[in-house]
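Encoded as structure tokens, the structure appears first; notes follow it.
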Amino acid sequence: MSLLSVSGITKRFGGVVANQNISFRVAPGELVGIIGPNGAGKSTLFDVITGIEWPDAGEIRLEERRLTGLRPDQVSRLGVGRTFQKLRPFQGMTVLENVTVGALQKCRDVAHARREAQEALERVGLGEKADAYARTLSTGQRKRLELARALATRPRLLLLDEVTGGVDQGSIPGLISLIQDLHRAGMSLVVIEHNMRVIMAMAQRIVALHLGEVIADGPPEAVTRDRRVVEAYLGQAYA
């Protein structure tokens, strides 16, 4: 049984088609990468999966539960966590308070939520920064904070939107290792990533998008050799 089923998703913004008849599945415990040039519809697809945007056609299912038409908070409560490409922590709150907000979704009281938040921070390597204000963190640390907030919602499926984007090169290996640790622990992940070295190091399968459509879906080695992917995204130099 698939954990996530994306079936025939189409999303239009006026005359612009962001997603066109997109279909793919994610098995329990699988790590799937999403690649494609800017404007390929990757983040819009995450918005549709998580209820931020509703599709014009198609449906999303988490196992047998239909997600299409649900609000973002309802999708999250069913077990879909997400990070965002643009980082917007609560600047005037501490790191622990930021994550506690996420944990409150499934915790019965604030004390319990704070314990869950601290555990999430320890998991992403920010335990010692719990009392620091979010505005004092580096970009790499803010990426980890975003990940901790998502983990605090206890997701069954985690969607990561360019978790290494904008991060200095020295911080990337640690983020890759963190994502791999989550995967080894049994978490199912879908990862949008522009850095091909990162996605090749992590993904078991890659879905390539171009102009809102799926142009390839398969093992990383096969997808990166696909003529359509090379022409649309990777370029002959990469090939």
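The values are calculated or read from the model by the stated rules, or taken from the named source; none is laboratory data. Just so it is clear, the model here is predicted, and its values are computed rather than measured. All Cβ positions, glycine included, derive from the backbone under ideal geometry; neighbour counts span all protein chains shown.
Out of Glu116, Glu122, one residue alone is among the acidic types (Asp, Glu), over 26 Å from Ile49 (Cα atoms) and not assigned by TED's automatic domain parsing to the domain that holds Ile179. It is Glu122. Scanning the stretch 45-89 for residues that are among the hydroxyl-bearing types (Ser, Thr, Tyr) and in contact (Cβ under 8 Å) with a residue 60 or more places away in the chain yields Thr50, Ser76, Thr83. Whenever a residue of the stretch 101-116 is under 18 Å from Gly81 (Cα atoms), its partners that are of a type in the set (Val, Ile, Thr) and assigned to a loop (DSSP other than H, G, I, E, B), lying with C-beta atoms within less than 9 angstrom and at least six residues away or across chains, give the pairs Gly102/Thr153; Ala103/Thr153; Gln105/Thr153; Lys106/Thr153. From the list Arg149, Arg142, the one residue that fits, being assigned by TED's automatic domain parsing to the domain that holds Val99, among the basic types (Lys, Arg) and in contact with a Leu (Cβ under 9 Å, 6 or more places away or on another chain), is Arg142. Of all residues in the stretch 90-100, those being touching a residue at least 40 places away in the same chain (Cβ under 8 Å) and within 22 Å of Leu182 (Cα to Cα) number 4.
Of these, Pro55, Pro37, which one is modelled with pLDDT of 95 or more, part of a loop (DSSP other than H, G, I, E, B) and touching a strand residue (DSSP E or B) at 6+ places or on another chain (Cβ under 9 Å)? Of Pro55, Pro37, the one residue that is modelled with pLDDT of 95 or more, part of a loop (DSSP other than H, G, I, E, B) and touching a strand residue (DSSP E or B) at 6+ places or on another chain (Cβ under 9 Å) is Pro55. Out of all the residues in the stretch 150-167, is one or more free of Cβ contacts under 8 Å to residues at least 60 places away in the same chain, of a type outside the set (Ser, Thr, Tyr) and within 18 Å of Ala201 (Cα to Cα)? Within the stretch 150-167 (the criterion being free of Cβ contacts under 8 Å to residues at least 60 places away in the same chain, of a type outside the set (Ser, Thr, Tyr) and within 18 Å of Ala201 (Cα to Cα)), the answer is yes, since at least one residue qualifies.
Could you tell me how many of the residues in the stretch 155-169 are touching a His at 6+ places or on another chain (Cβ under 8 Å) and surrounded by fewer than 16 Cβ atoms within 10 Å (Cβ to Cβ)? Total satisfying the criteria: 0.
Scanning the stretch 110-158 for residues that are over 30 Å from Arg61 (Cα atoms) and among the charged types (D, E, K, R) yields Arg114, Arg115, Glu122, Glu128, Lys129, Asp131, Arg135, Arg142. Please verify whether the stretch 90-108 includes one or more residues that are of a type in the set (Gly, Ala, Ser), part of a loop (DSSP other than H, G, I, E, B) and crowded, with 19+ Cβ neighbours inside 10 Å. No, that holds for no residue.
Checking the stretch 111-126 against the condition returns no match, with no residue being surrounded by fewer than 22 Cβ atoms within 10 Å (Cβ to Cβ), in a loop (DSSP other than H, G, I, E, B) and touching a Ser or Thr at 6+ places or on another chain (Cβ under 8 Å).
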